[in-house]
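The values are calculated or read from the model by the stated rules, or taken from the named source; none is laboratory data. This is a predicted model, so every value here is computed, not measured. No Cβ is skipped: glycine too gets one built from the backbone with ideal geometry, and neighbour counts run over all protein chains shown.
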Amino acid sequence: METAFADLASLKAGALIVGADPFFNARRNQIVALSARYSLPAIYEWREFVDAGGLISYGPSLTGVYRQIGTYAGRVLNGEKPADLPVVQPTLFDLVVNLNTAKTLGLTVPQLILARASEVIE
């Protein structure tokens, strides 16, 4: 990870997108710390990265996804065949912004983004 971030810095990368992946999730604190050390703004899919000090996250609401799972489980338990159930996609999304991190990076988060955020950490 250290080498990858050093390479990003030497390439003068303007930002980083961290995808949803078990490998990245398991190294959440390391990725957030390296992003801070190299002053690299990053966006993540899960809010836990922002809670750990990351800049911003945008992704499916886990609460909403768990609700959908519960609905599906209830339908199966009531006798519906799983093969007959439609495929669904998340309908609720969370946008979380960490203003402390933005300030540390010297960034101003546009008011439009703050207005749409599910949560703003100050």
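At a glance:
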item: Scope the range 36-80; condition outside any loop (DSSP other than H, G, I, E, B), in contact (Cβ under 8 Å) with a residue 24 or more places away in the chain and of a type outside the set (A, V, I, L, M); matching residues; result: Arg37, Tyr44, Arg47, Phe49, Asp51, Ser57, Tyr58, Gly59, Pro60, Thr63, Gly64
item: Cβ-Cβ under 7 Å pairs, at least 6 apart or on other chains, the range 95-109 side within 20 Å of Glu45 (Cα to Cα), far side among the acidic types (Asp, Glu); result: Val96/Glu119; Leu99/Glu122; Asn100/Glu122
item: In the range 12-30, residue surrounded by the most Cβ atoms within 10 Å (Cβ to Cβ) [restricted to those that are at pLDDT 95 or above, among the hydrophobic types (A, V, I, L, M, F, W, C) and within 16 Å of Val96 (Cβ to Cβ)]; result: Val18
